Amino acid sequence: MVKHIIPNSLSEALDYMSKDEYKIVSGGTDLMVQKRAWAETPPKFDQNTIYIFNLMDLKYIKKENNKIIIGANYPVEKIKDFKSTPILLKKAIEIMASPALRNLATIAGNIGNASPAGDTLPILYVHDALVKIVSKNNSRIVPINEVILSVRKTCINKDEMIKEIIIPILEFTKTSFVKVGGRKADAISKTSFTGAVNVKDGIVKDIRIAFGAVNVTVVRKKEIENKYKGLSVLELQSRINEILNDYEPFIKPITDQRSNKDYRKQVSLNLLKEFINNL
Amino acid sequence: MMKIKFELNNKEYVFNEDPSKRLLDILRNNFSLTGIKEGCGEGECGACAVLINGELINSCLVPLANVHNKKIMTIEGLSETKRGKLIKDSFSKAGAVQCGFCTPGMMMATEALLNKTAHPTVDEIKIGLSGNLCRCTGYNMIIEAVLLASKEGEGLW
Ligand SMILES: Cc1cc2nc3c(=O)[nH]c(=O)nc-3n(C[C@H](O)[C@H](O)[C@H](O)COP(=O)(O)OP(=O)(O)OC[C@H]3O[C@@H](n4cnc5c(N)ncnc54)[C@H](O)[C@@H]3O)c2cc1C
Ligand code: FES
Ligand code: FES
């Protein structure tokens, strides 16, 4: 028989998970749709299931030593309303569907789902966010780009779960998050662009770029960013074609029912160009 | 099967059920609360919206397990309150109801919005109702209805 568990604490949950394999359900906004059966019949959870959305020991957000620390089941609507949440993350959450969805959706679920179109993911990449993953007897902190391996694949083992997400607070003078989708609310990204720079006295001290939904995972290339750090804004702008060429090979979108690949590629590169030209 | 406990429209219930069932189906089938509708069944239309601990949530996305020990309010419960009655009146006065399929969800979204922001701007109303689709009215009358409720309900929220 399939087991359903509503644990009372994180340690109780991890204890169950150390003995048997469980599917974690948090806000359920991905899973309830993926497992959806016909109207009026229960969703098809054909495996043991553990429900963690109401675990109080994961429901928190705090600012500590220049970092934002977000408990795994803290809903994105509240993350958006927290005053120290980085502006880019607020922007990405604001255009995630509607309040009735944002009250359930979690960042840990966005990571766990590991869709290249997950809207909070490029923001996590740009901030070099860390993910704390725990099991009954272990705890490890893994950079976001090592947590997500491919489409729907993460490094999280069967007895582990995400406990919290750690986002360093960084200094940017200009940021941009643009999501291209079908409808304003409730649209899955066709492609998204995230850009952030720190310019001091006309010099580009830091530049970070990420693309969503154009490859199997979010595209962020530190090698390319490093090439252009230390230039003046004008120098950077004069090398725009070189920058576009550097990114071009990594923008490998697919064609699906939502959009075709040439459109996605062109839009992604145009967004990058616009960001650099408007610095 | 598991023992599930919740408060629904101010009454406590304890019962045995499959915790993976959708809250939407439980409310309609076990409790005969048919005000909430299944529009899309995937979180996009808001016809199934309820308040869970005061927050607007699409019940088609909620496994029963996630409302264990929670407080749920449906349109049937809201309609009994002063605020609910006022929202209902505002919707009829503003001509915001045609076929009525979206109306329960729209009213729940209105209550959730006014609870947070008693005097919302038109933009705030658009954000508050952004998850609720209406195929009949073209939305303008619904926005009017929310403005009217906010004005006439001075002091209620
Ligand atoms: C109508 C609608 C609109 C949407 N719009 C957007 C959008 O605009 N942008 C966007 O990015 N997404 C969108 N989504 C997708 C979804 O809401 C997000 O991916 C959300 O962040 C998932 O969070 P959740 O807690 O609901 O996940 P769940 O469905 O509970 O879980 C998702 C996956 O993550 C795993 N998981 C959850 N928590 C943990 C944990 N603590 N540790 C390890 N694994 C875990 C689960 O096992 C599962 O595999 C939308 C979904 C719907 C239904
Ligand atoms: S039926 Fe739940 S949002 Fe459409
Ligand atoms: S009145 Fe018909 S869907 Fe809104």
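The values are calculated or read from the model by the stated rules, or taken from the named source; none is laboratory data. As the structure is a prediction and not an experimental result, all values here were calculated from the model. Because the Cβ atoms are built from the backbone with ideal geometry, glycine has one as well, and the counts that use them run over all protein chains shown. The area values use the complete protein model at the heavy-atom level, side chains included, leaving out ligands, DNA and RNA. Shrake-Rupley method; radii C 1.70, N 1.55, O 1.52, S 1.80 Å.
Karplus couplings for segment B:142-152 from phi (6.51 cos²θ - 1.76 cosθ + 1.60, θ = phi - 60°), rounded to Hz, Gly and Pro as x?
Per residue, the Karplus-derived 3J(HN,Hα) values read 5, 4, 4, 4, 5, 4, 5, 4, 5, 6, 6 Hz.
Given H placed 1.01 Å from N in the peptide plane, which residues other than close sequence neighbours of A:Lys67 have an amide H under 5 Å from its amide H?
Long-range HN contacts for A:Lys67: A:Ile169.
State, in square angstrom and to the nearest 100, the accessible area buried between chains B and A, both chains counted, probe radius 1.4 Å.
The B and A chains share an interface burying roughly 2700 Å².
Across the residues of B:123-136, average count of Cβ atoms on other protein chains within 10 Å?
Per residue, the average neighbour count from other chains is 3.
Ignoring ligands, DNA and RNA, what accessible area per residue does segment B:78-152 give at 1.4 Å, in Å²?
With the other protein chains kept in place, segment B:78-152 gives 50 Å² per residue.
Using the per-residue mean of other Cβ atoms lying within 10 Å as a proxy for protection, in what order, highest first, do the peptides B:34-40, A:232-238 fall?
B:34-40, A:232-238
In the neighborhood of A:Ala114, defined by Cβ-to-Cβ distances under 9 Å, what is the net charge if each Lys or Arg adds +1 and each Asp or Glu adds -1?
The answer is +2.
Considering only protein heavy atoms, with the full assembly of protein chains and a 1.4 angstrom probe, order B:Leu114, A:Leu271 by accessible area, largest first.
From most exposed to least exposed: A:Leu271, B:Leu114.
Residue by residue, what Karplus-based ³J(HN,Hα) values in Hz, rounded to whole numbers, does segment B:117-132 have, using 6.51, -1.76 and 1.60 with θ = phi - 60° and x for Gly and Pro?
9, 5, 10, x, 7, 4, 5, 5, 5, 4, 5, x, 9, 5, x, 10
So for the pair A:Lys222, B:Lys3, with labels modelled 7 Å out along Cα→Cβ, what separation do we get in nm?
5.2
Starting from the amide H of A:Ser232, placed 1.01 Å from N in the peptide plane, find each other amide H under 5 Å away whose residue is 5 or more places distant or on another chain.
For A:Ser232, the qualifying residues are A:Val204.
Tell me, in nm to one decimal, what length is gained between A:Ala37 and A:Lys59 on full extension, where the rule is 0.36 nm per residue of separation less the Cα-Cα distance?
Value of the extension gain: 4.9 nm.
Would you tell me the mean number of C-beta atoms belonging to other protein chains that fall within 10 Å of each C-beta in A:100-111, as a whole number?
Neighbouring Cβ atoms belonging to other protein chains average 5 per residue here.
Helix-derived [θ] at 222 nm for chain A: sum -39500 (n - 2.57) over DSSP H runs of at least 4, divide by residue count, nearest 500?
Value at 222 nm, helices only: -8000 deg cm²/dmol.
With label points built 7 Å along Cα→Cβ from the Cα atoms of A:Lys273 and A:Asp46, find their separation and express it in nm.
4.8
Over chain A, average the accessible area per residue using a 1.4 Å probe and give it in Å², no decimals.
45
For the cross-link pairs A:Lys63/A:Lys163; A:Lys136/B:Lys3; B:Lys71/B:Lys93; A:Lys35/A:Lys91; A:Lys80/A:Lys132, which exceed 23 Å when the distance is taken from alpha carbon to alpha carbon?
A:Lys136/B:Lys3; B:Lys71/B:Lys93; A:Lys35/A:Lys91
Using a 1.4 Å probe on the protein heavy atoms only, what accessible surface does A:Ile169 show? Give it in Å² to the nearest 10.
Near enough 50 Å² of accessible area.
In terms of modelled amide H atoms, which long-range or inter-chain residues lie less than 5 Å from the amide H of A:Ser98?
A:Asp186
Let me confirm one metric for peptide A:91-98, namely the mean number of other chain beta-carbon atoms within 10 Å of its residues' beta-carbons.
3
Mind jotting down the distance between the C-alpha centroids of segment B:62-94 and segment B:4-47, whole Å?
Cα centroid to Cα centroid, the span is 13 Å.
Of the accessible area of chain A, with the probe set at 1.4 angstrom, what percent is carbon plus sulfur?
49
Each label point is 7 Å from the Cα along the Cα-to-Cβ direction; what then is the distance between the points at A:Phe250 and A:Lys67, in nm?
2.4
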